[in-house]
1. What is the distance in Å between the Cα centres of region 234-261 and region 374-394?
2. Under a point-charge model restricted to the Cβ atoms of Lys and Arg (+1) and Asp and Glu (-1), what is the dipole moment magnitude of the chain relative to its Cα centre, in debye to the nearest 20?
3. Let me have the relative contact order for region 207-325, percent, based on Cα pairs under 8 Å that are six or more residues apart.
4. With a cut-off of 8 Å between alpha carbons and a minimum separation of six or more residues, what is the relative contact order of the chain in percent?
5. Summarise the accessible area of region 155-247 (1.4 Å probe, protein heavy atoms) by the percent that is carbon and sulfur.
6. So with the 1.4 Å probe, I'd like the accessible area per residue for region 16-106, rounded to whole Å².
7. Whole-Hz Karplus ³J(HN,Hα) for region 111-118, in order, using 6.51 cos²θ - 1.76 cosθ + 1.60 and θ = phi - 60°, x for Gly and Pro?
8. At R0 = 45 Å, how high is the FRET efficiency between I21 and E175 if r is their beta carbon distance? Nearest 0.05 is fine.
Amino acid sequence: MSNRMWGGRFSEGPDAIMEEINASIDYDKKLYAQDIAGSKAHAAMLAKAGVLTPADAEAIAKGLDQVKAEIEDGRFTFSRALEDIHMNVEARLKEIIGEPAGRLHTARSRNDQVATDFKLWVRDTVDQLHVQLSDLMKALLARAEEHAETVMPGFTHLQSAQPVTFGHHMMAYVEMFERDRTRLVDARKRLNECPLGAAALAGTSFPIDRAMTAGALGFDRPTANSLDSVSDRDFALEVMAAAAIAAVHLSRLAEEIVIWSSAQFHFVRLSDKFSTGSSIMPQKRNPDAAELVRAKSGRIIGDLNGLMIVMKGLPLAYSKDMQEDKEQTFDCLQNFSLVIAAMTGMIRDLAVNPAAMKAAAGSGYSTATDLADWLVRAGGVPFRDAHHITGRIVAIAAEKGIELAEVPLSDMQAVDGRITSDVYDVLTVDDSVRSRTSYGGTSPENVRAMAKVWRDRLGA
């Protein structure tokens, strides 16, 4: 008995092992809405081109609507024997409307069909991710405005460097996630070309109107080369790459939350919604949500690498290897969506400890650069000399176990006689952050001004 999908070329059905490795319905059923939308657009175009009768096109459209309703109501039975979402939908359509269902596949192939379905799914997901990133940015923006004057240590090498504000720190991630949003926007522009009508790899001899189906499905234009149309997965790779870069940003923020919420820092406290306890240590509050964001970022990066490895050795045009594209893309983008949602929730619920932050900001001689800058401004000292003078004063403070602002003026003047009592005006952390008024600097004035820019841009 010939296989009903592959036709008369095969006299036997697939072996159980072949069916297991070949079937994709377990995961590509996620494409049902896109598959049905593409089929409806294709049928309408075939009718306009005179390839289908209006009656057949109408029957197909109504039948496809019924199939979609059955899937969404949970009444549809997916069959692994039918291999994929395309054949599952077509088989059920034939049960509903009979012979006209067999005419739907005219002038197309599963190769251009799956490329179209997959592009539609990725495009829909990009739109959702863009909204999610915007919501995360709004959450960060709200915390930045709330803490425009909250002083905290700024780090390099995870060592205290210079005081900054927590608001400025939050705004740094707003900038990062904006780059991530624009990467998604750029990827969406490039992917918005329709493969439908490229058929198996060479186009078709039927008088189809590819611009019509492209427009019906919201694409800007049809793809220009039939070989590339069915073999391209750049659209998935590019969106996954954007997700991977954004996941790195999310992971960096998650790592900071893990550090900040430790007893040693005590800068922030995660809400009960995003923390867990220990089965043996009753005092523990574990930042599990942040840790899982950090871990899932690795998974997202791994999915991107996996699909790149699948694609790297494939000759044109379609190869069955490309069936492996969807699981990795689905996993990547669904986990990306999840970690954005988790981070947004954590940022909104985060309890900030300004006192602990300010105390830490003053440690480690973090205003040493302010002292060196003062020497340049007030004393006309070349910066390299000011750097050396400041280093000697820091050494005095370290030897006495005091902060820079506590070093006696006489000790400072013993190092350099040009130092006056005015120097103490720049040695507090509050004075330090207020002085950083250069564009992009940490001053509260700057933070508020930039927050307003972003609030207008985000419509928040």
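The values are calculated or read from the model by the stated rules, or taken from the named source; none is laboratory data. This is a predicted model, so every value here is computed, not measured. Every residue, glycine among them, receives a Cβ derived from its backbone with ideal geometry; neighbour counts consider all protein chains shown. These area figures cover heavy atoms from the full protein model, side chains too; ligands, DNA and RNA do not enter into them. Shrake-Rupley method; radii C 1.70, N 1.55, O 1.52, S 1.80 Å.
1. Result: 40 Å between the Cα centres.
2. 440 debye
3. On the way: 96 pairs, mean separation 34.6, N = 119.
Dividing the mean separation by the residue count of region 207-325 yields 29 percent.
4. Computed value for the chain: 17 percent relative contact order.
5. Whole-percent figure for carbon plus sulfur exposure: 54.
6. Spelled out: the 1.4 Å probe surface of region 16-106, per residue, equals 46 Å².
7. Karplus values, whole Hz, x for Gly and Pro: 5, 6, 5, 5, 4, 5, 4, 5.
8. Working: r = 46 Å, r/R0 = 1.01.
Once the sixth-power term is evaluated, E becomes 0.50.
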